[in-house]
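Worksheet: one structure, shown below.
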Amino acid sequence: MASMTPRDQNVFLKAAKQFNAWILVRQTNKRSLQYKGKTLYEPKPISCKPKTANCSLVRSDKQVDGLVVDPYRWPEAFSGDRIEEARKLWTEFRLKYGLGEYITTSEGHKFLGRNSSHFDFAINTEPKSLHEGCLTQKGKYLYGDFDLFDIIFLPKLITPGQSPAVSPKPKTVPTGPANAKGFQVADHRDENWDKVAEFINGQLGVEMIQHGSQFMYKRDVFEPVEAFVPDKKPEAWSASEVRLKYKQIGRV
């Protein structure tokens, strides 16, 4: 299931050992990683909820895989189990930021409305562009970041039956454009998040960790993760495995 490069995995392993923590990372769109560190691209911020394309287009003049792109313009860039949610999230985002939409006509796709907003987001609507239909922020194309599922700090190595992994009370950090009432997003972080994020991003050379862990605000939702545990190799844990381990350590 690994969705990271070996180098990236090593960074997370170093962080797990440095902070004596379990670091659990949600599944990442592997196609997004081709843009990591390139000048015209950056990881999408927490205020950008639309999904990244997980399929390649069957044409050489367009490249949208791994990028945040309009799923109505390029539905074939999303797998069948992804397209419905991708369209839902895109529509919510487009309306929230006052962006226009693509419609299908007898002559092909046509964009109606504004392709940019006052909040630095814009849609590339140039028909001849390599990234037509893709979303930008401040002129940079957006790709998938590393989403943390949870960080569990351990006073000592956990064994089944022990319960040292107490959940700290998260702090909520408003993010989004300044003076943009109604457009900011609550970013839930625990008290040590900044230290871990700074370490990982510094080692990666790219801000691939941009917001708090999912478990900080969705404590009843479990999903597959890449698990980084001190002095162990990276492991793939299924959603049921995560739930079981959390019960064992008193996390839930």
Original post:
Tally Lys and Arg at +1 and Asp and Glu at -1 over the other residues with C-beta under 14 Å from the C-beta of T104: what net charge comes out?
Top reply: -1
Subject >> 11 Å beta-carbon shell around K128, net charge (K/R +1, D/E -1) >> reply: -2
Original post:
Label-point separation (nm) for K88 and K30, each offset 7 Å from Cα along Cα-to-Cβ?
Top reply: 2.7 nm
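All other residues with a Cβ under 14 Å from the Cβ of A236 taken together, and with Lys, Arg as +1 and Asp, Glu as -1, what is their net charge?
+1
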**OP:** Return the calculated 222 nm mean residue ellipticity for the chain, to the nearest 500 deg cm²/dmol, obtained by summing -39500 (n - 2.57) across DSSP H runs with n ≥ 4 and dividing by the residue count.
**Re:** -6000 deg cm²/dmol
**OP:** Before anything else, pin down the relative contact order of the stretch 1-134: Cα pairs under 8 Å, at least 6 apart, normalised by residue count, whole percent.
**Re:** 18 percent
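The chain: longest stretch without exposed GluC sites (Glu not before Pro) (DSSP loop, at most 11 other Cβ within 10 Å), sites themselves excluded?
Values: sites that count: E107, E191.
Answer from the scan: 1-106.
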**OP:** Can you put T104, T136, T39 in order of Cβ neighbours within 10 angstrom, beginning with the fewest?
**Re:** T39, T104, T136
Subject >> Global form of the stretch 31-142, assessed from the alpha-carbon gyration tensor, a/c cut-off 1.5 >> reply: rounded
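Go through the stretch 20-125 and name the trypsin sites (Lys or Arg not before Pro) that are in a DSSP coil and have 10 or fewer other Cβ atoms within 10 Å of their Cβ. Don't skip to the end; give the middle numbers.
Working: sites: R26, K30, R31, K36, K38, K51, R59, K62, R73, R82, R87, K88, R94, K96, K110, R114; in loops: K36, K38, K51, R59, K62, R73, R82, R114.
Sites meeting the loop and neighbour criteria: R59.
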Subject >> Extension gain from K218 to L112, taking 0.36 nm per residue of separation minus the Cα-Cα distance >> reply: 34.5 nm
**OP:** Output the antiparallel fraction of DSSP beta bridges having both residues in the chain, as a percent to the nearest 5.
**Re:** 90 percent
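A short reminder: the numbers here are calculations on the coordinates, not readings from a lab. Not measured: the values here are computed from a predicted model. All Cβ positions, glycine included, derive from the backbone under ideal geometry; neighbour counts span all protein chains shown.
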